[in-house]
Every structure is written in C-alpha cells, then in structure tokens.
Ligand SMILES: NC(=O)c1ccc[n+]([C@@H]2O[C@H](COP(=O)([O-])OP(=O)(O)OC[C@H]3O[C@@H](n4cnc5c(N)ncnc54)[C@H](O)[C@@H]3O)[C@@H](O)[C@H]2O)c1
C-alpha cells in the first residue's frame, strides 16, 4: 500500500515508517517539524513539510502520491501543556484531524490508523484497563484524542472511512536509527538516561507513597518496535475489511514502577543515577496498565520485546550513540 504517515518525523512515526517499509509498503511522511526532526524520517521516505491545518496541502499530498491509507500520528502530546493551552490541543488534535478526514473523503482514501492514548481512560479505577472501561479523560490531551476517536466512528458509519485507533500506553525504547528526542522531554526513560549521561543532576520521583509494592507509580512500557508492528497489522487488517475499532496497546502484565525503571537503568548503564524525591503530582494515577487481550485476539499482536531491561537497553544504546 502507499501510506501517508502524518507525524512521520516524530519519535513513534519514524519507527512506524521503518516497520511499514520493512513490510514492503511505500511511505510518504507529512510533518510540520514542530516537534519532529528531518533526519528522523526513515529512508527512503519522502518528507512533505506541511501542517495538518492546511487542507490544500493535505489533500494534495493524498492525491499526488495516490495514497491508499493514512497512519495519523501527528499531534500535540504534552499533558501539562494541554491544561494551560487547551486551544492549541483542540486546534491540532481535533480540527487538524477533521481536516485530514475531509481531505481523505475528497481524495477517496478510505483507511486510517490513529495514534490514540491511555489518557482517554483518565484515572481508571480498574486495572488492567480494557476497552470497555469508562472513557473519562482528566485533561484536554486525552479529551481531544477521544473526540477524534469518536469522530472516526461517525465518519466510518456515514462515509465508509474505516479506521483503527491504537491507544498507546507508554511508548519506550529505540531501534538502531530512531529513538526518543522530544524537544520538551516528559517521559521517564529518556529523563533517567539523561541523568545517567550527566545531562541532569538527578531524576525527580514524584510520590513514593502510592499503594504499589515500592510506593512509586506503575506504568505499562511498550517497546516502540512492538508498537510500530501493531500499526502494520492494523493497516493490513483494514485493507482486508476489518471494521472500525479501538485497541489498547500495552505489554500488559504487572507493568513497571518508577523505581524499577531507575534500577534497570542503573544496571544497564553502570552509572550512578541520583534521585530527588518530590510530592505526588496532581492527576498522576498510581497504576496504568493495559489489558491487551483485544488486540491479541483481533490482530494477533503480541509484544516481541516485553522485558523492561531490553526496552531500557535499546534506549540507552540510542542516547549514548548520539551523546
Ligand atoms: N510517546 C508516547 O508514549 C505516546 C503515548 C500515547 C500516544 N502518543 C501519540 O503518538 C503520536 C506520536 O507521538 P510521539 O511521541 O512520536 O511524538 P512526537 O512529538 O515525536 O511526534 C509528533 C509529530 O507530529 C508532528 N506534528 C505536530 N503537529 C503537527 C501538525 N499540525 N501538522 C503536521 N505535523 C505535526 C511533529 O512535528 C512530530 O514530528 C502523538 O499523536 C501522541 O499523542 C504517544
């Protein structure tokens, strides 16, 4: 298939592009480089530098490259920023998404895979979370992702655009060429590794009194290559006629605590990583772990790199090579 990857210059977009290329799909990346990097675009992918809000540019990309399907990963993804500037999140994640859907309708492109998030569940009471659990986002980031997921359902029914939304838990790790390089880094593993490299004096642990075995928050880290493979499976299922759906994308199991991530990084890097204790942050749930049963049953997806050690090790290899 010829696939347009919006956000193809971003962290996950560049790895999804690598996986699509390996599966013999032709890729065109569409990205405004606001948080992405030109050199992250996976060769031989062509990059169209453009903004989602520019309907003419999006439609022209779809028509010029005779695109069959879209993987929509472009978006804003900082929870804190979404609270202080919700307008920016509605503009990019909702309006930008709708511009893309209108352009797809105009150009006759019927298939889409969407980067959604565990933030659509908010502070879920039940763990692991499954797709039938309540959708109660607690910030504009999760709310805007959920709004777009809902639009996808209605567009599917009315206009025949079939889509799969993948609700990522915590994407982590790296491939040989692509890794996490966000201009504003908020994710634990890159921050811990920056501390190991001496780029930060200490890693701040927010809250050590949660009802978890070591008192720190538990999250579900998925290797970015496993996550990327799910996009290939989703696209191929859509091409074979799969209906509109949303799936959790986590490695499941018990998840990993903040302490476990720091300890793994100490072992792997062999470096001291100082920790600074801070109070809990508002809105941080104690535990966010996916049930990935539905995607396993529907698409046959299972993580190939489930070990936290391997995830941290791949991220370390990536940051050390760039340091
Ligand atoms: N990283 C995670 O753990 C995680 C978890 C859940 C969901 N997600 C979602 O996955 C997607 C990719 O995340 P990432 O971590 O790779 O982030 P990223 O910032 O590296 O990638 C996003 C890309 O979108 C581009 N972009 C942003 N606004 C755009 C616009 N208006 N027009 C064109 N391009 C635009 C950016 O330049 C960037 O290359 C996002 O939609 C994010 O919400 C990520």
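May I ask you to derive the FRET efficiency for residue 126 and residue 63 from their Cβ-Cβ distance with R0 = 30 Å, giving the value to the nearest 0.05? Write down the numbers at each step before the final one.
Values: r = 45 Å, r/R0 = 1.51.
About 0.10, to the nearest 0.05.
Among 318, 121, a tally of other beta-carbon atoms within 10 Å of each Cβ gives an order, fewest to most, of 318, 121. For the pair the range 181-220 / the range 99-166, the C-alpha centres are spaced 28 Å from each other.
For the residues 166, 53, what sequence is obtained by ranking on other C-beta atoms within 10 Å, fewest first? The partial results should precede the final answer.
Values: 166 24, 53 15.
The fewest-first ordering by Cβ neighbours comes to 53, 166.
The Cα atoms of the range 66-127 define a convex hull whose projected area, averaged across directions, is 5.4 nm².
A crude spin-label estimate for the pair residue 254 and residue 1, with each label 7 Å from Cα along the Cβ direction, gives 3.8 nm.
Using only Cα atoms, locate the centre of the range 257-323 and the centre of the range 10-54, then give the distance between them in Å, rounded to an integer. First find each Cα centre; the distance between them is then 25 Å. Note: relative contact order over the chain, using C-alpha pairs below 8 Å and six or more positions apart, is 19 percent.
Only helical runs count toward this figure. For the chain, summing -39,500 (n - 2.57) over DSSP H runs of n ≥ 4 and dividing by all residues gives -11500 deg cm²/dmol at 222 nm.
Write down the percent of antiparallel bridges among all DSSP beta bridges whose residues are both part of the chain, to the nearest 5. Don't jump to the answer; show the numbers that get you there.
Values: 2 of 41 bridges.
Of those bridges, close to 5 percent are antiparallel.
Projecting label points 7 angstrom from Cα along Cα→Cβ for residue 88 and residue 323 puts them 2.9 nm apart.
Just check the range 247-323 against the gyration tensor rule for me: Cα atoms, a ≥ b ≥ c as the square roots of the eigenvalues, rounded for a/c under 1.5, and otherwise prolate or oblate depending on whether a/b exceeds b/c. Oblate, because a/c is 1.5 or more while a/b does not exceed b/c.
The orientation-averaged projection of the convex hull spanning the C-alpha atoms of the chain amounts to 15.0 square nanometres. For the range 165-269, the relative contact order works out to 41 percent when only alpha carbon pairs closer than 8 Å and six or more residues apart are counted. Exposure proxy ranking for 280, 200, 76, 251, based on other Cβ atoms within 10 angstrom of each Cβ and starting from the fewest, stands as 280, 200, 76, 251.
Read-outs throughout are calculated quantities, based only on the coordinates presented, and are distinct from any laboratory measurement. Please read these numbers as outputs of a predicted model, since none were measured by experiment. Ideal geometry is used to build each Cβ from the backbone, glycine not excepted, and the neighbour counts take in all protein chains shown.
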